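The values are calculated or read from the model by the stated rules, or taken from the named source; none is laboratory data. On a predicted model such as this, the values are computed, not experimentally measured, just so you know. Every residue, glycine among them, receives a Cβ derived from its backbone with ideal geometry; neighbour counts consider all protein chains shown.
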Amino acid sequence: MRKTRTSAPRRRLTAAALGLALAGGAALFAAPAAEGHGYTDQPLSRQKLCANKTVADCGPIQWEPQSVEGPKGFPAAGPADGHICSANHSEFGQLDDPRGGAWPATRVTGGQSYDFRWQFTAPHSTTDFKYYITRNGWDPAKPLTRAALDPLPFMTVTYNGTRPPYTVVHPGTIPTGKTGRHLILGVWAINDTPNAFYSCADVQF
């Protein structure tokens, strides 16, 4: 019985093809890293509090605070009520847990000028940033719902498809007429994908 021998040129071609296939597979797995990712750190978001270990028992979000990505179109579309802070990611469900209203909160004053800041690991072509705040009388011991938020954003920053820098600051004003504990929801709408990033930050007036 004769053994089939592969010539050197053929072996080289086979190895090259295998290398290209492996490289292509790696590119497929690496593709998400090219997409936009980010979170607010001013005021401090829940995911950032987990990442910097201020809050314990956070699960996977402590390693990827930038990954709270879900459907855009909020509030008409987007994550389901009760799962807004996690953007419907069950693995990030700790962000939806109100912890009895005991999340660390950034102190703010109604009417003060405030620099809302996002940090990005991968900026992306952007439609806009919108900021919402909870209504007076909402229950901070319950997961966030649309009914708990004022219906309109208190600030919208339009980008029209441009790409923000890795750190972006939006000068604005803290809403007036609020007292006690509230939650600010930042929504970063991506221009060329069907998704947005969600960032919940607890504040104390």
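Taking the range 88-118 as the range and being among the polar types (S, T, N, Q), in a strand (DSSP E or B) and surrounded by 14 or more Cβ atoms within 10 Å (Cβ to Cβ) as the test, only Thr106 passes.
Whether a residue is within 16 Å of the chain's Cα centre (by Cα), at pLDDT below 95, of a type in the set (Val, Ile, Thr) and surrounded by 13 or more Cβ atoms within 10 Å (Cβ to Cβ) was assessed, and Thr121 passes this test. Between Gly137, Gly78, the distinction of being of a type outside the set (Asp, Glu), at positive phi, in a loop (DSSP other than H, G, I, E, B) and surrounded by 15 or more Cβ atoms within 10 Å (Cβ to Cβ) belongs to Gly78 only. The selection criterion, being in contact with a Lys or Arg (Cβ under 6 Å, 6 or more places away or on another chain) and among the aliphatic types (A, V, I, L, M), holds for Ala196.
Please verify whether Pro65 is more than 19 Å from Pro153 (Cβ to Cβ) and in contact with a helix residue (DSSP H, G or I) (Cβ under 8 Å, 6 or more places away or on another chain), treating the condition exactly as stated. Step through it out loud before you land on a result.
Details: more than 19 Å from Pro153 (Cβ to Cβ): yes; in contact with a helix residue (DSSP H, G or I) (Cβ under 8 Å, 6 or more places away or on another chain): yes.
Spelling it out, Pro65 is indeed more than 19 Å from Pro153 (Cβ to Cβ) and in contact with a helix residue (DSSP H, G or I) (Cβ under 8 Å, 6 or more places away or on another chain).
Residue count for the range 140-166, restricted to those that are within 20 Å of Asp96 (Cα to Cα) and not in a loop (DSSP other than H, G, I, E, B): 4.
Checked against the criteria, Leu149 counts as touching a Phe, Trp or Tyr at 6+ places or on another chain (Cβ under 6 Å), surrounded by 16 or more Cβ atoms within 10 Å (Cβ to Cβ) and closer than 21 Å to Gly73 by Cα. Considering every residue within the range 177-192, establish whether at least one is free of Cβ contacts under 8 Å to residues at least 40 places away in the same chain, under 23 Å from Ile61 (Cβ atoms) and more than 18 Å from the chain's Cα centre (by Cα). No, there is no match, as no residue in the range 177-192 is free of Cβ contacts under 8 Å to residues at least 40 places away in the same chain, under 23 Å from Ile61 (Cβ atoms) and more than 18 Å from the chain's Cα centre (by Cα).
Answer yes or no as to whether His89 is at pLDDT below 95 and in contact with a His (Cβ under 9 Å, 6 or more places away or on another chain).
no
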